[in-house]
2 protein chains.
Amino acid sequence: MHSDPALEKYANFERLDTGYQQRILDACIEEFSRNGYESASTNAIVKRAGIPKGSLFYFFGSKRDLYLYVVDHAVKRFTAEFERISADNRAEEPADLFERLEQRGEARMQFVIQEPLLYQLFFNAFIDAPEDIRSELQLHYASYYQTSAQRLQDGLDRSRFKDDIDVEKAIHLVNLVLEGLYNRYLPAFKTMTPADALRLVEEIGVEVQTYFEMLKKGIYKPKFPGK
Amino acid sequence: MHSDPALEKYANFERLDTGYQQRILDACIEEFSRNGYESASTNAIVKRAGIPKGSLFYFFGSKRDLYLYVVDHAVKRFTAEFERISADNRAEEPADLFERLEQRGEARMQFVIQEPLLYQLFFNAFIDAPEDIRSELQLHYASYYQTSAQRLQDGLDRSRFKDDIDVEKAIHLVNLVLEGLYNRYLPAFKTMTPADALRLVEEIGVEVQTYFEMLKKGIYKPKFPGK
DNA sequence: AATTCTACTGACCACCTGGTCAGTAGAAGG
DNA sequence: CCTTCTACTGACCAGGTGGTCAGTAGAATT
């Protein structure tokens with residue numbers, strides 16, 4: 001992350017008192033999540049935060065670096081919340097693929113409810129942002145993505161899968177479905193009140209269950225039915 | 001579509017000779033597919049097309065209307081190509097869902113290979129574009145989308161589905177997988193020779209088969225195995 | 001009290017945006 | 001030949017954009 005003490009790229013910002021930091025961060029989150037990277041305006045940010053224009057660039061250097069900082073903030077908060085929720089949900093990870101994915105989905109939903117702007121910001125960063133920023137982010141978080149994918153497989157009960165099935169391919173398939181579902185609903189999500197978003201999230205949860213039932217019948221042995 | 005002769009919103013453009021029209025369209029397609037609506041620049045378009053700035057607005061009125069026109073062009077080309085390919089593939093539609101989807105998938109892949117930019121433009125229009133434009137497009141193409149979905153179901157052999165399965169939901173599921181796959185591979189197509197693209201399409205075909213096997217086991221009765 | 005140093009500021013900059021409209025080239029009509 | 005008309009043009013506009021830097025207020029040092 002950005003906390004490498006040797007570089008301290010954002011030292012000017014992090015030296016500030018936390019209340020002031022938060023006011024600035026909030027303004028950035030609001031602006032970036034509402035408009036994405038390109039359409040977000042640094043002028044709008046300083047106006048909203050009530051700080052001088054020069055300060056923003058004194059603290060962060062450039063719009064690009066500001067964005068990277070805010071995205072990093074979002075990712076940190078997301079993963080922290082993610083860990084916390086899945087930690088006190090269950091001490092042990094379930095051995096079942098679908099239960100794992102449900103658990104992750106639930107944690108994600110919780111975060112969406114609590115911090116809709118941060119979630120949107122974080123997610124859009126990998127979709128909307130200009131190519132060079134996107135690739136930098138992908139590079140930056142590649143290891144996180146990899147360990148996350150690895151953790152999904154560690155200690156997984158592979159005996160539930162039909163013998164003639166390639167487990168990696170099956171996981172791929174299920175991920176494809178979840179990814180596709182998310183992409184399909186994303187546009188609607190962008191223009192919703194938190195209450196409507198919450199309702200939609202629950203609807204999606206039901207839909208996911210339906211699909212999971214079908215997928216289980218396809219890739220699990222018959223003795224592992226839908227619960 | 002936009003061809004309502006009573007309004008003739010784009011008459012100034014469509015009066016031009018086709019070569020000139022095409023040069024302008026190409027520039028628009030390039031710019032919009034590369035940058036999306038918001039970040040696309042009308043100045044960049046006129047520069048690329050080698051036409052005066054005023055002409056663009058004389059022909060199309062505004063950036064917004066230009067975009068709607070180009071998206072419409074993309075949709076027309078897409079559906080035309082789609083019809084053509086599926087027409088000379090087979091005279092009769094197969095009764096099997098997966099065969100139908102394979103056929104459609106093949107047609108779509110052909111279009112992706114032949115016109116990657118147009119496909120991207122068309123696809124992104126419903127994802128990236130500003131809310132008001134997106135909703136106008138959705139309204140505009142709602143009926144097309146509906147008939148297309150209807151046609152997928154007409155004369156479909158529903159007896160193959162397990163009795164406890166919601167056929168609509170099952171179709172949704174399979175579409176989700178295909179859509180996800182296309183989107184995953186789309187970026188690769190943009191920077192490929194036709195030969196490599198063709199090879200990749202065949203690879204994807206194999207992958208689709210794998211997923212279809214699993215899905216069939218999940219939603220079809222046992223007596224309809226993978227072929 | 002004078003000086004140095006540091007953190008910060010805001011007027012300013014060059015550049016870009018979508019859009020306009022008085023003006024013009026050239027065909028058509030008289 | 002002159003006029004009218006039409007299709008088209010490009011210099012221009014107001015309103016942005018991200019970014020800069022000479023200048024300053026106030027704390028720290030002498």
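The values are calculated or read from the model by the stated rules, or taken from the named source; none is laboratory data. Just so it is clear, the structure is predicted and the values come from calculations on it, not from any experiment. Here the Cβ is made from the backbone with ideal geometry for all residues, glycine too, and neighbour counts use every protein chain on show.
Descriptive notes on the structure:
- Residue within the stretch A:98-117 that is in a loop (DSSP other than H, G, I, E, B) and modelled with pLDDT under 95 present: yes
- Checklist (1) more than 26 Å from A:Pro130 (Cα to Cα); (2) more than 15 Å from DNA strand C (Cβ to nearest atom); (3) at pLDDT 95 or above; (4) of a type outside the set (Phe, Trp, Tyr) applied to B:Asp72, failing item: (1)
- Out of A:Phe32, A:Phe78, sole residue that is among the aromatic types (Phe, Trp, Tyr), at pLDDT 95 or above and away from DNA strand C (no atom under 16 Å from the Cβ): A:Phe32
- Filter result (in a helix (DSSP H, G or I) and of a type in the set (Gly, Ala, Ser)) within the stretch B:118-129: B:Ala125
- Of all residues in the stretch B:65-94 being basic (Lys, Arg) and free of Cβ contacts under 8 Å to residues at least 60 places away in the same chain, the one that is nearest to DNA strand D (Cβ to nearest atom): B:Arg77
- Under the condition of being more than 15 Å from DNA strand D (Cβ to nearest atom) and either under 27 Å from A:Ala129 (Cα atoms) or of a type in the set (Val, Ile, Thr) (or both), the residues counted in the stretch B:5-34 number 9.
- Residue pairs whose Cβ atoms lie under 8 Å apart, separated by 6 or more positions or on different chains, with the first residue in the stretch A:120-140 and away from chain B (no Cβ under 11 Å) and the second surrounded by 15 or more Cβ atoms within 10 Å (Cβ to Cβ) and part of a loop (DSSP other than H, G, I, E, B), are A:Leu137/A:Ala129.
- Selection count, the stretch A:95-105, where residues are surrounded by 15 or more Cβ atoms within 10 Å (Cβ to Cβ) and touching a residue at least 60 places away in the same chain (Cβ under 8 Å): 6
- Residues within the stretch A:196-227 that are among the basic types (Lys, Arg) and within 14 Å of chain B (Cβ to nearest Cβ), tallied: 3
- Subset tally (residues that are of a type outside the set (Ser, Thr, Tyr), within 14 Å of chain A (Cβ to nearest Cβ) and within 12 Å of DNA strand D (Cβ to nearest atom)) for the stretch B:35-64: 1
- Matching residues, the stretch B:2-29, being surrounded by fewer than 17 Cβ atoms within 10 Å (Cβ to Cβ), modelled with pLDDT of 95 or more, of a type outside the set (A, V, I, L, M) and closer than 24 Å to B:Leu139 by Cβ: B:Glu14
- Condition met for A:Ala125 (within 16 Å of DNA strand D (Cβ to nearest atom) and modelled with pLDDT under 95): yes
- Test: residue in the stretch A:112-120 that is over 13 Å from the mean Cα position of the chain (by Cα) and crowded, with 18+ Cβ neighbours inside 10 Å: no
- Close pairs from the stretch A:161-189: first of a type in the set (Val, Ile, Thr), partner part of a loop (DSSP other than H, G, I, E, B), Cβ under 9 Å, at least 6 apart: A:Val167/A:Leu156; A:Ile171/A:Leu156
- Within the stretch B:40-70, the set of residues being charged (D, E, K, R) and exposed (fewer than 13 other Cβ atoms within 10 Å of the Cβ) comprises just one member, B:Lys53.
- From A:Lys63, A:Lys53, residue being within 10 Å of DNA strand C (Cβ to nearest atom) and either acidic (Asp, Glu) or touching a helix residue (DSSP H, G or I) at 6+ places or on another chain (Cβ under 7 Å) (or both): A:Lys53
- Residues that are of a type in the set (Gly, Ala, Ser) and either part of a helix (DSSP H, G or I) or closer than 22 Å to A:Tyr141 by Cα (or both), drawn from the stretch A:77-97: A:Ala80, A:Ser86, A:Ala87
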